[in-house]
Each structure stands twice: as C-alpha cells, then as structure tokens.
Amino acid sequence: EPTIPELEGRVDRGRLLGLNGRSRKPQMELADRYGLQDYPAPAGGCLLTESGFCRKLADLRDHEGFSGIRLVWLLRLGRHFRLPGGAKCVVGRDMRDNAELKRVAQPEDILLHTVDVPGPAVLMPGGGADEDVALAAELCATYGDSKGRQAVTVRVAGRGQDAKRTVTPRPREAFSGWML
C-alpha cells in the first residue's frame, strides 16, 4: 500500500531501489559501484529494532529530550539507569565502554570509577543531586570486582568536585528496578 509520504508526493516509489529481504548483497554491490569501502559490517540490524535500545531512547525522550546528539550517542554504551532523583547513570560494561565514557565526559558531568578494585567507569551526564551521586557510587562498587569486600573506594569527579567515597556494594538486584 502507498505510504503517507508517497500519497503526499514527497516520495516517488519509482525512484526507490526496491531493496527487501535479509540479504545485504544488493547494498554491498551498490557500495562497490560508488567506491564506498568504509561501512559497517552488514550483520545485525538497525538499533531501533532492539527493544533495549528503544527503552533507553524513550527514556531519553521523556527526560532530557533529543536536544543533542551526544546523549543519543551515549545510548549505545553500557548499562543505563534512571536513578530515583531523576539523574541518568551509564555504567560501562567492559574496557571499551569505560574508555569511551571517560573520553566523552564533559565538565558538567560526574564521572565515577573504583579505586581499589577493578571496576566500571560510571558517567552521570549533567550530574545529579547528592543522593543520586551516592547511589551512582554504590552502582560503581556493585558492578566492580569487589569479590565480597564490605567496602570499596570510588572516586567521584566533575562539577568542581574530586573526592573519594567508601561505599558498600549491594546485590545487583537492588538496582534492577532502575535499569532501562
């Protein structure tokens, strides 16, 4: 059936390529024809087809909005939490996430990481209230490699502060209601 853009005259179906199905061979041939060599691997699909990404995207729309590409780009990294005070918290999953979160941190953000055990980088874009920063420090310790320790030191930096907090890791389930 014709789409609304077609009915409104904004799209001419006759000029479209007619790509369909799961095969990426026609797209790869088109890239070759135009001399394109640097493109993503033709595996997987659009992030908008992934339910986890869409949950994070809807949360961003509802809280911060789509005013800047940076926050949308951050959706691809780490585990995302919406803390009770309203702050957003991104917890790195691996070394690549951690390095990227540290790289993209800006002065208005808060960046946390464990000091005495291996652990994630945690980014709070735009910062947050003291209560949410304290919870982010607990998240950082919880997702770190605390090996049953009762206390973990977390460095909290940004927005004019650079401090260390000693926190008690919790079971990860304690945060599951806040995960996006």
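The values are calculated or read from the model by the stated rules, or taken from the named source; none is laboratory data. Note that the coordinates shown come from a computational prediction; the quantities given were computed from them, not determined experimentally. Counting neighbours? That spans all protein chains shown, and the Cβs are built from the backbone with ideal geometry, glycine included. Protein only, heavy atoms only, side chains kept; ligands, DNA and RNA dropped before computing areas. Shrake-Rupley method; radii C 1.70, N 1.55, O 1.52, S 1.80 Å.
Remarks
- Selection count where residues are open to solvent by 70 Å² or more (accessible area, probe 1.4 Å) and modelled with pLDDT under 90, scope region 46-57: 5
- Within region 97-143, the residues that satisfy the criterion of being under 14 Å from Leu83 (Cα atoms) and of a type in the set (Gly, Ala, Ser) are Gly126, Gly127, Gly128, Ala129, Ala134, Ala136, Ala137.
- Scope region 121-155; condition touching a helix residue (DSSP H, G or I) at 6+ places or on another chain (Cβ under 6 Å) and over 26 Å from Gly52 (Cα atoms); matching residues: Val152, Val154
- Cβ separations smaller than 8 Å between residues 6+ apart or across chains give the following pairs from region 106-129 residues that are more than 14 Å from Lys164 (Cα to Cα) and among the acidic types (Asp, Glu) to residues that are open to solvent by 30 Å² or more (accessible area, probe 1.4 Å) and not in a strand (DSSP E or B): Glu108/Gly126; Glu108/Arg159; Asp109/Gly126; Asp109/Arg159.
- Just so you know, in region 1-45 the residues that are touching a Pro at 6+ places or on another chain (Cβ under 8 Å) and surrounded by 10 or more Cβ atoms within 10 Å (Cβ to Cβ) include one that is modelled with the highest pLDDT, and it is Val11.
- Number of residues in region 169-180 that are free of Cβ contacts under 8 Å to residues at least 40 places away in the same chain and open to solvent by 50 Å² or more (accessible area, probe 1.4 Å) equals 6.
- Subset of region 138-152 (residues that are over 24 Å from the mean Cα position of the chain (by Cα) and polar (S, T, N, Q)): Gln150
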